[in-house]
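Report on the structure given below.
A short reminder: the numbers here are calculations on the coordinates, not readings from a lab. As the structure is a prediction and not an experimental result, all values here were calculated from the model. Heads up, the Cβs are rebuilt from the backbone with ideal geometry, glycines too, and the neighbour counts pull from every protein chain shown.
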Amino acid sequence: MNYRHAYHAGNFADVVKHLALVAILLHLRKKESPFAVIDTHAGRGLYDLGGEEARKTAEARGGIERLRQLAGDSAPGRYLEIAGEGHQYPGSPVIAAKLLRPQDRLVAIEKHPEEFGALKQALAPWRKAKALEGDGYARLPGLLPPPERRGLVVIDPPFEMGDEFESLGELLRGALRRFALGIYLVWFPVKSASQAQRFCGEVLAMGVSKALRIDITIAAAEGKLAGAGLLVLNPPFGFDGEMRQALAKIAPLLDARAGVTWLAGEGR
Ligand SMILES: C[S@@+](CC[C@H](N)C(=O)[O-])C[C@H]1O[C@@H](n2cnc3c(N)ncnc32)[C@H](O)[C@@H]1O
């Protein structure tokens, strides 16, 4: 477990993932009934963009730091309100915690002991946000279905292991059996187009009726990640259009190409 998200926080891929996260949570908040968020690979929750790790890669300079000029724009608006100020960049669990209402709940799982310690501290201000130390792959099945029967599962592994796509596929197969109507936000790197396509195809074959894929690609230096994808299962109605609108605003600023494609359901 060498991966530390502090080197990548706020980069082009983080920005799109967190933009999607905020958009989904705003949809969940439209109904009064409570929802649960489960974040299987939560990270430390807050990242110091002025810290040694962030300065070393300077990835946030090609991501969140280019978007600050959009503050006040309605498309990426709420995401930028939450993430676009100051040096403390919020990761997925802190973004989710900020959007919980009193009736909602977050469970954030992190395996690395140091990252977990920081996560626990970062989530301390929110009574309905719980940090769990452990393996997200092992813990998720026991948390599904959530008693609320509504909610979002965020799955954002580090892809350090050669078989992470396989593990992710297995995790989703079991999760969908338990919580078929849940919303799933799954992040994956696109190092090989065919590998990413195969993964999405395998998930579709699990019988998912609504699936959206979001891609973002930049011209990265050799050896650096140039492409990332999000697979969103059971996305809320209207989420695709919102993401298209927001990406049309942010992609030019990131010098990126972005796409939103229905793999199953609605726009197919
Ligand atoms: C990509 S980062 C998460 C970033 C976070 N989701 C965000 O958007 O702010 C992946 C995290 O997963 C943790 N991790 C690695 N293997 C894990 C596992 N099996 N279960 C839970 N966490 C794991 C790593 O320590 C790392 O903090």
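Say we join alpha carbon atoms closer than 10 Å with springs in a Gaussian network model of the chain; which of ALA221, ALA58, ALA124 then has the biggest fluctuation?
Ranking ALA221, ALA58, ALA124 by mean-square fluctuation puts ALA221 first.
Just want the answer: with Cβ charges of +1 for Lys and Arg and -1 for Asp and Glu, which residue in ALA118, PHE12, ALA97 is farthest toward the dipole's positive end in the chain?
The Cα lying farthest towards the positive end belongs to ALA97.
State, to one decimal in nm, how far the label point of GLU170 lies from the label point of GLU53, with both points 7 Å from Cα in the Cβ direction.
Modelled inter-label distance: 2.7 nm.
Rounded to the nearest 500, what is the 222 nm mean residue ellipticity of the chain from helices alone, with -39500 (n - 2.57) per DSSP H run of 4+ residues and division by all residues?
Rounded to the nearest 500, the figure is -11500 deg cm²/dmol.
Using a 10 Å cut-off around each Cβ, can you sort TYR89, TYR7 from fewest to most neighbouring Cβ atoms?
The order, fewest Cβ neighbours first, is TYR7, TYR89.
Rounded, prolate or oblate: which one fits the stretch 132-268, using the alpha carbon gyration tensor with axes a ≥ b ≥ c (rounded when a/c is under 1.5, else prolate when a/b beats b/c, else oblate)?
Since a/c reaches 1.5 but b/c is at least a/b, the shape of the stretch 132-268 is classed as oblate.
Could you list ASP48, ASP163, ASP215 so that the one with the fewest beta carbons within 10 Å of its beta carbon is first and the one with the most is last?
Least to most surrounded, the residues fall as ASP163, ASP48, ASP215.
Starting from the Cα of LYS210, draw a straight line to each of the aspartates and glutamates and keep only those under 18 Å, dropping any in the same chain fewer than 8 residues away.
Excluding near neighbours in sequence, the set is GLU202, ASP240, GLU242, GLU266.
Within the chain, what percent of beta bridges assigned by DSSP are antiparallel, to the nearest 5?
In the chain, approximately 60 percent of DSSP beta bridges are antiparallel ones.
State the answer as a single residue: which of LEU132, ASN234, HIS87 lies farthest towards the positive end of the charge dipole of the chain, with beta carbon charges of +1 for Lys and Arg and -1 for Asp and Glu, about the Cα centre.
ASN234
Output the relative contact order of the stretch 44-92, whole-number percent, from Cα pairs under 8 angstrom with separation of 6+ residues.
Answer for the stretch 44-92 is 53 percent.
Take the alpha carbon atoms of the stretch 37-102, find their center, do the same for the stretch 199-235, and report the distance between the two centers in whole angstrom.
Distance between centres, Cα-based: 21 Å.
Place a point 7 Å from the Cα of ALA124 along the Cα-to-Cβ direction; which residues of the stretch 34-53 have their backbone N under 19 Å from it?
Residues 43-48 qualify, since their backbone N sits under 19 Å from the label point.
Tell me the relative contact order for the stretch 10-166 as a rounded percent, counting alpha carbon contacts under 8 Å between residues six or more apart.
That works out to 34 percent.
Give me the dipole magnitude in Debye, nearest 20, for the stretch 5-264 about the Cα centre, with unit charges on the beta carbon: positive for Lys and Arg, negative for Asp and Glu.
920 debye
Across the Cα atoms of the chain, what radius of gyration and what greatest pairwise Cα-Cα distance (Dmax) are found, in Å?
When restricted to Cα atoms, the chain yields Rg and Dmax of 16.9, 48 Å.
Which of ILE95, ILE64, ILE82 moves most in a GNM of the chain, Cα contacts under 10 Å?
Checking each option, the largest mean-square fluctuation is seen for ILE82.
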